[in-house]
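Asker: Take a look at this one; I'll ask things after.
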Amino acid sequence: MLARLRPYLPTAALAFLIFYFGFHAFTGDQGILSSNKRDETLTAKTRELAAVRAQRQDLEMRARLLRDTSLSADLLEERARSLLGFADPRDYVIRMKP
């Protein structure tokens, strides 16, 4: 009986490999069916990147105003009052947890 099935063994092995790789092409981590999840992740990361870029741009602008060459008196006063805890008698101070 094994002699009769021997010619079909390479075909059966090839069919099994095709089925195996086809199954994982659809359902694997990088498969076709998980493309929606990848798209959602990409969209979320794109939004996060935009927020981080805006934050970085704001920080760079504030750092530029604190340099020796172009010192902003208002920003320097704001930072000094914040770090030292001082306030003008006419100011309203609202303390917030960081």
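Asker: Enumerate the calculated ³J(HN,Hα) couplings along the range 15-32 in order (Karplus 6.51 cos²θ - 1.76 cosθ + 1.60, θ = phi - 60°), each rounded to whole Hz, writing x wherever the residue is Gly or Pro.
Answerer: 5, 5, 4, 5, 5, 4, 5, x, 4, 6, 5, 8, 10, x, 4, 9, x, 5
Asker: Right, here's the next one. Quote the charge dipole size of the chain about the Cα centre in Debye, to the nearest 20; the model charges only the Cβ of Lys and Arg (+1) and of Asp and Glu (-1).
Answerer: That gives the chain a dipole magnitude of about 500 debye.
Asker: Then there is this: Looking at (i) 1.56; (ii) 0.93; (iii) 1.45, which value of Rg/Rh (Cα atoms, Kirkwood Rh) comes from a calculation on the structure shown?
Answerer: (i)
Asker: Tell me which of Leu65, Thr41, Ala15 sits at the most positive position along the dipole axis of the chain, charges placed on C-beta atoms (Lys, Arg +1; Asp, Glu -1).
Answerer: Projecting each Cα onto the dipole axis, the largest value belongs to Ala15.
Asker: Once the Cβ-Cβ distance between Ala44 and Phe21 is put in as r, and R0 is 25 Å, what FRET efficiency do you end up with, to the nearest 0.05?
Answerer: 0.25
Asker: Given a Förster distance of 30 Å, report the FRET efficiency between Ala63 and Arg90 from their Cβ-Cβ distance, rounded to the nearest 0.05.
Answerer: Efficiency at R0 = 30 Å is approximately 0.55.
Asker: Another question, if that's okay. Quote to one decimal, in nm, the extra length available between Gln55 and Tyr8 on full extension: 0.36 nm per residue of separation minus the C-alpha distance between them.
Answerer: Length gained between Gln55 and Tyr8: 10.5 nm.
Asker: For the chain, what does -39500 (n - 2.57) per DSSP helix run (n ≥ 4), summed and divided by total residues, give at 222 nm, in deg cm²/dmol to the nearest 500?
Answerer: -22500 deg cm²/dmol
Every read-out reported here was derived from the displayed coordinates using simple, explicitly stated rules and does not represent laboratory data. Keep in mind it's a predicted model, so treat the numbers as computed, not measured. Here Cβ is always computed from backbone atoms with ideal geometry, including for glycine, and neighbour counts include all displayed protein chains.
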